[in-house]
């Protein structure tokens, strides 16, 4: 009797470490809920999530969108593009090794490499440079404005 209970508890533990959602247009999806559980507003991800995986032990995550998309980010109306796949490492109030999100500023495209949540603000990292914005600007998940990234 102990072996089946042990096996079921191991399966439940593995499922909690890696979860996948197949909801094509969540509002908010469980991926957005996971994001908020780590201390981030849901508006960091667009609504077009088709699947995601989060390893709660290592923090590695993988978010898949139906296609590339662009959104306008508040408060300064920067154009951002999201690749079909967004990857990185998430822990409480910190996203590192981010890949798949670029923003256009000063007539150039920049890759956002990390995001920190510090109280009422988000700090976006672009290499060695960072910019701080109020978290409340990202309370709502934006829809994709276009299906292809602008280059």
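The values are calculated or read from the model by the stated rules, or taken from the named source; none is laboratory data. Quantities reported herein were computed from a predicted structural model and do not represent experimental measurements. Glycine also receives a Cβ, built like all others from the backbone with ideal geometry; neighbour counts cover every protein chain displayed.
Is there a residue being in contact (Cβ under 8 Å) with a residue 60 or more places away in the chain and more than 19 Å from residue 29 (Cβ to Cβ) anywhere in region 42-62?
Just the residues of region 42-62 that are in contact (Cβ under 8 Å) with a residue 60 or more places away in the chain, to begin with: 42-48.
Add one more test, that the residue is more than 19 Å from residue 29 (Cβ to Cβ), and what stays is none.
No: zero hits.
Identify all residues within region 97-119 that are assigned to a loop (DSSP other than H, G, I, E, B) and closer than 19 Å to residue 86 by Cα; write none if there are none.
Passing the criteria: 112, 113.
Identify all residues within region 56-80 that are within 13 Å of the chain's Cα centre (by Cα) and closer than 23 Å to residue 136 by Cβ; write none if there are none. Working first, answer last.
Step one: filter region 56-80 for residues within 13 Å of the chain's Cα centre (by Cα), giving 59-65.
Within region 56-80, just 63 meets the criteria.
Quick check on region 62-79: of everything there that is in a loop (DSSP other than H, G, I, E, B) and touching a strand residue (DSSP E or B) at 6+ places or on another chain (Cβ under 9 Å), which residue is surrounded by the most Cβ atoms within 10 Å (Cβ to Cβ)? Full working, then the answer.
Taking region 62-79 and keeping what is in a loop (DSSP other than H, G, I, E, B), we get 66-68, 74-77.
Next, only the ones that are touching a strand residue (DSSP E or B) at 6+ places or on another chain (Cβ under 9 Å) stay: 66-68, 74-76.
Values: 66: 15, 67: 14, 68: 18, 74: 16, 75: 10, 76: 11.
The qualifying residue surrounded by the most Cβ atoms within 10 Å (Cβ to Cβ) is 68.
Among 121, 93, which is the only one that is at pLDDT 90 or above and at positive phi?
93
What number of residues within region 48-61 are farther than 19 Å from residue 124 by Cα and surrounded by fewer than 22 Cβ atoms within 10 Å (Cβ to Cβ)?
The first filter runs over region 48-61 and keeps only residues farther than 19 Å from residue 124 by Cα, leaving 48-58.
Next, only the ones that are surrounded by fewer than 22 Cβ atoms within 10 Å (Cβ to Cβ) stay: 50-51, 53, 55-58.
Number satisfying all stated conditions: 7.
Select from region 22-46 the residues that are at pLDDT 90 or above and assigned to a loop (DSSP other than H, G, I, E, B) and list them in ascending order.
Those that are at pLDDT 90 or above and assigned to a loop (DSSP other than H, G, I, E, B): 38, 39, 40, 41, 45, 46.
Condition check: surrounded by fewer than 19 Cβ atoms within 10 Å (Cβ to Cβ) and part of a helix (DSSP H, G or I). Does residue 83 satisfy that?
The answer is no for residue 83.
Where residues in region 96-118 are modelled with pLDDT of 95 or more and closer than 17 Å to residue 72 by Cα, which of them is surrounded by the fewest Cβ atoms within 10 Å (Cβ to Cβ)?
111
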